[in-house]
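The values are calculated or read from the model by the stated rules, or taken from the named source; none is laboratory data. Bear in mind that the values here come from a model prediction, so they are computed numbers and not experimental data. Positions of Cβ are backbone-derived with ideal geometry, glycine not excepted, and every protein chain shown enters the neighbour counts. The area values use the complete protein model at the heavy-atom level, side chains included, leaving out ligands, DNA and RNA. Shrake-Rupley method; radii C 1.70, N 1.55, O 1.52, S 1.80 Å.
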Amino acid sequence: MLEYRQNNIQVIVRVKPEQGCIQVDECDSTSLQISNKQYHYDHVIPPKASQQDVFTLIGQPLINNALQGYNGCVFAYGQTGSGKTHTLIGNNDGLLPQCLQYIFACSIEDHNVIIKGSYLEIYNEQIFDLLSSSQNSLQIREDPKKGIYVENLNATVISNYDEAIALLRKGNSNRHIAATKMNSESSRSHAVFLIQYSTSIQQEKCEVHLYSKMYFVDLAGSERQKTAQTEGQRLKETQAINKSLTQLGLVIYAIVEREKGNNKIHIPFRDSKLTTLLKDSLGGNSKTFMVAAVNPLHEEESISTLKFAERVKQIKVKAHVNKEYSGEEITKLNLQIQQLKEELVKKSRELENVQPSDALQSQLHMQFDEIQKLLQQIHKSAIQMELETVEGQLQEYAEKKSYIIQILKSLNLSFKEEETTNYQTLNENIEYQNKLKIQLLQQEDVIYKLQKKKKELEQNIIDQQQAHKTILASTLKGFEDQIKMKDYLYDQIKEDLDQMEVSKLSLQHQNDKLKEEVQQYIEKIEQMQIQLFQNQQHQSTIYEEKNQNIQKLDQDLQQQIEYNSQLRLQLEQIHVEIYQNNQQFQIETNQLNSQIQQQQLEINRLLEWVQKLEAENINIKSNNDFKREYDQLTQQYSNLKTQQQHLEQELKSLQTENQYNLSVIENLEISIQSFELFEDNLKQENQLYRNTILELQEQLNQKQEIFLNIQKSFKLDNCENIINELNNKTNQLYRNEQKLRQELSQLKSEQQLYIQKLQIRDQTISDLQNELQDLQKTHRTSEVQKQIEQNEKSQSQRQLEQKIASLKLEYDKINKAKNALLVEYTKLENNQKEFETFLLILEKKLQDYVSNTFRKNRVMSQEQQILYLKTTQIKQSKFVIIEALVDIVILDTIDRQIRTFSQIRIN
Ligand SMILES: Nc1ncnc2c1ncn2[C@@H]1O[C@H](COP(=O)(O)OP(=O)(O)OP(=O)(O)O)[C@@H](O)[C@H]1O
């Protein structure tokens, strides 16, 4: 249990359970150490202490005092987040809830007890009732009887602990709480819970009323703006909190100073709502406790709190029991005391003004004696009353007696003190007056001197003012000039601005135009893309067609190869046949040769035999039989001879056949060679086709690549590359244009050449006509010849007529073609003209826009590419037309010739 110092505010330090700069001595519950300095207080609550411990230490004595009629107050002071709200309220386990529980527990058997609860907050220097829905701020009043009180503050009667807690909860819910950097639930106001306790004890002749007030003050945390880092509403709150806490510090300082003996010091209770409200609690009628909450994590703030607590420790309080007696006699006596008191006050006021005389002194003494007598009477009557009441109440009367004696003594003392101080002050005043008179004289002298100096100074000032005026005038002129200059500049700038505005508008107009143009170009590009796409499609169809052709050619080639191989086979067969025939022929020839040889041998044998026979014939000529035989043999011989001739013919025919076969073979070999040649040609052609297809494919790929690049360039906006590319293309275009111009000039010279050639032809034709005329002349001269030639002519005429008819047909055809070509030529001429004008426009545009946006450039270059293509096409068609024209001219001459021939024929 805390041992209280007599008549002092009890200062208890509570250390938050955090590891930090504060060391608490386990053995000594009254001191702690911070920054190597020891601080001493009435009690130090260690970090480990429970809420119950705190209640036992502070709450219990506070309530016990209150039950005896003493006012009480407990206020928690400390840095934000140090544990003030935790100590006072906590989770309904703080001092206040426990005190409420205890007070109801103690008063359970006393039916006269009335407990009232009020809850207010001081927010931004305004008082608000936390138990009321009204948002109006309340005012503090002071009453001689009631003391300090808040006007219109709800005081709810509470009959039990639950009601009290409900009230507390209601009030807490209305408090200004906000999250700050230091505390997630920081109190942004000072909260004051007031318990008013009263009870009455009925006695025989009077009724004793006991009453007390208990203030539970949860101060808002002191915080440094820098560390709190608050802004806006929070900053305003912080400023109000810090201001009122500073006022509290000043009040405590003044109280302490007064207690040290500095009576002149003014205690500025009224400078803030908080100090006004706590006037009684700080050094008045109250048994007050201060809980200084410190957080070991913050050294500087903890030291500041501890120093503040050290000052508070020195404050003395003058608590007394709040007790009133009621009853007829007591009221009378009270009235008398009141009257006397008022008279005493009156007299003491008079004493302040009037110098006390002997008579007054004796009067005062008499009055004092009277008061004493009266008090003795009161004392006597009190004793009598006490005697008449129960013996057990004797103690109370004794207390009352001593209390009255104490008052009397204090009254006496204060009288004496006041008397002496009055005398002292009077003497001091006279001295002071004399001093003042001397000072007055001295000051009058000083004033005179000062007035003199003032006049000098005034003169000086006037002079200086004059000088200043002239300087000012010149400066003003300068300023005026400067202003004029600035005005002029301003006008100029304004003009410039107007001009700029105009040019801005025109630029905007141009910009809009350009945007439109760009849009048009984009549209054109889209169209070109579509065209490109169509071209691609067209090319792909051509490609497919060519592919099909190639496939067809391939098939043909394959067929040809097959046919060739068949031919080869046939040829081989023929070769084999010829070889076989040859073999056969050889065999047959050999056979025939051997036959011929045999027959030759036979013939030779026969001839020999014939010779023998002839020789014998000579001998046997006369023999007829032999002759017949001879004839037969001769016949045989001639037969054999014809047979031999026949065989020789056969041999010859076989040889010619063989010869023929050999020539056939030769022809076949030649045709095979030509087939091979044809095959090679076909292969070459095929290869050529393939190459063209590949080329076309490559071109297609290139175009696709270009197309993709264009698409990409549209997407990627790779300006620099595109611009470079465009520049290159533009240059190329220029070169192409130059080339085109050269080609055009060449074309013109070629045209000239053709015309010359045509003239030469015309000349030849005219020569021929001349010749023809000459011929006609010769025809006329020789009529005989004419007659002869008439027949020839009729023949040639018919031929000519036939030729003329066919030529006419051809002529008609060509004429038609000529007309079509002429139409096309005029079209092309128009196109060329259009193109030329377009080219000129394009050139102009190109010059204008060559440095403009890349899109335009791209479009231009594409257009130019297309135009270049068109130009080449036109050029080609121009060549075709020129050729056609040449043909037409030739046909015309032929036509003329035919006409002259027909004319001649008619003639
Ligand atoms: N002794 C303690 N034991 C446990 N927790 C504590 C103690 N003291 C404070 N706390 C905790 O620290 C936090 C801040 O405490 P609290 O709100 O009481 O600070 P405060 O001094 O009232 O701050 P503020 O002035 O900003 O209102 C709370 O969460 C509280 O529960």
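Do we find that residue 76 is within 12 Å of the ligand (Cβ to nearest atom) and of a type in the set (A, V, I, L, M, F, W, C) in this structure?
On the way: within 12 Å of the ligand (Cβ to nearest atom): yes; of a type in the set (A, V, I, L, M, F, W, C): yes.
Considered against the rule, which asks whether it is within 12 Å of the ligand (Cβ to nearest atom) and of a type in the set (A, V, I, L, M, F, W, C), residue 76 comes out as yes.
Counting only residues that are within 16 Å of the ligand (Cβ to nearest atom) and crowded, with 19+ Cβ neighbours inside 10 Å, how many does the stretch 201-224 have?
Within the stretch 201-224, residues that are within 16 Å of the ligand (Cβ to nearest atom) and crowded, with 19+ Cβ neighbours inside 10 Å number 8.
Hey, can you tell me all the residues within the stretch 79-100 that are modelled with pLDDT under 95 and away from the ligand (no atom under 12 Å from the Cβ)?
92
Determine, yes or no, whether residue 307 is open to solvent by 10 Å² or more (accessible area, probe 1.4 Å) and under 58 Å from the mean Cα position of the chain (by Cα).
Details: open to solvent by 10 Å² or more (accessible area, probe 1.4 Å): yes; under 58 Å from the mean Cα position of the chain (by Cα): yes.
Against the criterion (open to solvent by 10 Å² or more (accessible area, probe 1.4 Å) and under 58 Å from the mean Cα position of the chain (by Cα)), residue 307 qualifies.
Being of a type in the set (D, E, K, R) and either more than 16 Å from the ligand (Cβ to nearest atom) or at positive phi (or both), is that true of even one residue in the stretch 34-49? Steps first, please.
Taking the stretch 34-49 as the starting set, the residues that turn out to be of a type in the set (D, E, K, R) are 37, 42, 48.
Those left that are additionally either more than 16 Å from the ligand (Cβ to nearest atom) or at positive phi (or both): 37, 42.
Scanning the stretch 34-49 turns up at least one residue that is of a type in the set (D, E, K, R) and either more than 16 Å from the ligand (Cβ to nearest atom) or at positive phi (or both).
Which members of the stretch 113-140 meet the condition of being in contact (Cβ under 8 Å) with a residue 60 or more places away in the chain and more than 16 Å from residue 187 (Cα to Cα)?
Scanning the stretch 113-140 gives 113, 114, 115, 116, 117, 118, 140.
I need a count of the residues in the stretch 180-195 that are surrounded by 18 or more Cβ atoms within 10 Å (Cβ to Cβ) and either more than 10 Å from the ligand (Cβ to nearest atom) or at pLDDT 90 or above (or both).
Going through the stretch 180-195 one residue at a time, the tally reaches 6.
Quickly run through the stretch 294-304 and pick out the residues that are open to solvent by 50 Å² or more (accessible area, probe 1.4 Å) and either among the acidic types (Asp, Glu) or in contact with a helix residue (DSSP H, G or I) (Cβ under 9 Å, 6 or more places away or on another chain) (or both).
Going residue by residue through the stretch 294-304, those that are open to solvent by 50 Å² or more (accessible area, probe 1.4 Å) are 297-300, 304.
Within the stretch 294-304, 298, 299, 300 qualify.
For residue 23, which of the numbered conditions (1) in a strand (DSSP E or B); (2) closer than 30 Å to residue 203 by Cα fails to hold?
With respect to (1) in a strand (DSSP E or B); (2) closer than 30 Å to residue 203 by Cα, residue 23 is out only on (2).
Can you pull out the residues in the stretch 17-32 that are open to solvent by 60 Å² or more (accessible area, probe 1.4 Å) and either modelled with pLDDT of 85 or more or within 16 Å of the ligand (Cβ to nearest atom) (or both)? If you could, list the steps in order and put the result at the bottom.
We begin by selecting, within the stretch 17-32, every residue open to solvent by 60 Å² or more (accessible area, probe 1.4 Å); these are 17-19, 23, 25-27.
Passing the criteria: 17, 18, 19, 23.
Return the total of residues in the stretch 60-92 being more than 52 Å from the chain's Cα centre (by Cα) and over 13 Å from residue 193 (Cβ atoms).
Restricting attention to the stretch 60-92, the residues satisfying the condition of being more than 52 Å from the chain's Cα centre (by Cα) are 60-75.
Of the ones still in play, those that are also over 13 Å from residue 193 (Cβ atoms) are 60-61, 63-71.
Residues in the stretch 60-92 being more than 52 Å from the chain's Cα centre (by Cα) and over 13 Å from residue 193 (Cβ atoms): 11 in total.
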